[in-house]
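The values are calculated or read from the model by the stated rules, or taken from the named source; none is laboratory data. Being a predicted model, the structure only gives us computed values, none of them experimental. Counting neighbours? That spans all protein chains shown, and the Cβs are built from the backbone with ideal geometry, glycine included. The accessibility values were calculated without ligands, DNA or RNA, using every heavy atom of the protein model including side chains. Shrake-Rupley method; radii C 1.70, N 1.55, O 1.52, S 1.80 Å.
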Amino acid sequence: MTWKHPSSPVTKKFKAQRSAAKVMATVFWDAKGVILLDILPQGQCINAARYCSTLDRLKEAIRRKRPGLLRRGVVLQHDNTTPHSANITQQWLQRYGWEILPHPAHSPDLAPSDFHLFGPLKRHLGGMAFETEDDLISELRNWFDNLDVDFFRVGINSLLSRLQKCIDLHGDYVEK
């Protein structure tokens, strides 16, 4: 409702358009490339059980794509959101002996996906429209598959230098 003067022009009503649906993708990658791209089905949310299921798929993907890595030891970086810090997740990680790289809360400067991966992905997808969710997922897979291995190596090496800066600054924010 709006207050109008009797001589005010008639308010135009715009036709509502369906907004773009969002797709949540979890990307596990290392210096050699993407190990697992996990797409959350529409209508589902990430909880600890779902995250552990994703870790099961990651373990299998590591076994296929990085033979020997499971024996040498997996170091996983994730933040401290509820699904990551839940007891069931912690038990899963302990059962398989995976180490967690500490990650201070709200530190995008220490999350390689935030500072290295998602910016270029966002620029790549900018202006594109997709008819279906499957079309978007196909484009995501295609983009990741066509990245050069140097792209991933640079991202991981950048994490190492950012971690050192964070240590040198006693945990203060690291921009570059």
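Give the lysines whose C-alpha is closer than 19 Å to that of K13, dropping any in the same chain fewer than 8 places away, or say none.
Qualifying lysines at Cα under 19 Å: K4.
Which residues does the label zone of R64 cover in the range 29-58, counting backbone N under 13 Å from a point 7 Å along Cα→Cβ?
The answer is 35-38, 57-58, whose backbone nitrogens lie closer than 13 Å to the label point.
Run the quick spin-label model on E99 and R71: label points 7 Å from Cα toward the beta carbon, then report their separation in nm to one decimal.
According to this spin-label approximation, the distance is 1.8 nm.
Rolling a 1.4 Å sphere over the protein heavy atoms, what is the accessible area per residue of the chain, to the nearest Å²?
Solvent-accessible surface per residue comes out at 71 Å².
In nm, what is the difference between 0.36 nm times the number of residues separating C45 and N87 and their Cα-Cα distance? Kindly include the intermediate steps, with their values, before the conclusion.
Values: separation 42, 0.36 × 42 = 15.12 nm, distance 1.79 nm.
Additional length available on full extension: 13.3 nm.
Would you please classify the overall shape of the range 28-176 from the alpha carbon gyration tensor, given that a ≥ b ≥ c denote the square roots of the eigenvalues, rounded means a/c under 1.5, and beyond that prolate means a/b larger than b/c while oblate covers the rest?
rounded
Which entries in the list K22/K165; K65/K165; K32/K122 go over 29 Å, if you measure between the two C-alpha atoms of each?
Working: K22/K165 35 Å; K65/K165 31 Å; K32/K122 21 Å.
Going by Cα-Cα distance, K22/K165; K65/K165 fall outside the 29 Å limit.
For E139 and W3, compute 0.36 nm times the residue count separating them, minus their Cα-Cα distance, and round to one decimal in nm.
Value of the extension gain: 44.2 nm.
Provide the net charge surrounding M128, with neighbours chosen by a C-beta distance below 12 Å and charges set as Lys +1, Arg +1, Asp -1, Glu -1.
So the environment of M128 carries a net charge of -1.
Can you pull the percent of the chain's accessible area that's carbon plus sulfur, 1.4 Å probe, other chains left in place?
About 54 percent, which is the carbon plus sulfur part of the accessible surface.
If you restrict to DSSP beta bridges whose two residues both lie in the chain, what percentage is antiparallel, to the nearest 5?
So the antiparallel bridges in the chain amount to around 80 percent.
Fully extended, how many nm does the chain gain between D79 and H170 (0.36 nm per residue separation, minus their Cα-Cα distance)?
The D79-H170 span can extend by a further 30.9 nm.
What does the highest-first list of 41-48, 147-154 look like by mean Cβ count within 10 Å?
147-154, 41-48
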